[in-house]
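Colleague: Handing you this structure, nothing more for now.
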Amino acid sequence: MEEVAMVSWGIWRARNNFVWQKRSWFASNIVTSARNMLDQYKFAQEMKGFSLSPFNDGKWTCERWIAPVLNKIKVNVDGALFEQEGRFGVDCVARDHHETMVEAFKKGKVGSTGQAGDL
């Protein structure tokens, strides 16, 4: 069911890309992308509460996300480089003090990081 939900979301996302940006996807790319995102989500859930970044002393640290104070919004941003595939991307999630997602976006681009200003 998880995979069906992710592929359905991928189809919806591809439809929006076509309608709003005139970009089309191959069906196989939609399925592959959906499966990759599901795998990444599952991995992140397994690692929940643990940082993947070491301190300077080489020890691992436990790190937890903390909700912002009342009437404030916290924005988390992450980026990734995929040199072998020749692409890069950025994700952004904004949450309120109830930990409710207010806004989120993901933007990927084919090319070198020298084109990051084009995001």
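Laboratory data are not the source of any read-out in this text; all were calculated from the coordinates shown. If you're wondering where the values come from, they're calculated on a predicted model, not measured in any experiment. Glycine gets a Cβ as well: all are built from the backbone with ideal geometry, and neighbour counts include every protein chain shown.
Colleague: Can you list residues whose amide H is under 5 Å from H97's amide H, if they're 5+ apart or on another chain and H is modeled 1.01 Å from N?
Modeller: Here the answer is N71, K72, since their amide H atoms fall under 5 Å of that of H97.
Colleague: If Lys and Arg each add +1 and Asp and Glu each add -1, what is the summed charge of the other residues whose beta carbon sits under 12 Å from the beta carbon of K74?
Modeller: -1
Colleague: Set the bar at 29 Å for Cα to Cα. Now go through K22/K74; K74/K107; K72/K109; K22/K106 and name every pair that lies beyond it.
Modeller: K22/K74; K72/K109
Colleague: Cβ under 14 Å from E3's Cβ, E3 left aside: what net charge do those residues give with Lys, Arg +1 and Asp, Glu -1?
Modeller: Here the count lands on 0.
Colleague: Counting Lys and Arg as +1 and Asp and Glu as -1, each charge on the Cβ, what is the dipole of the range 1-49 about the Cα centre in debye, to the nearest 20?
Modeller: 300
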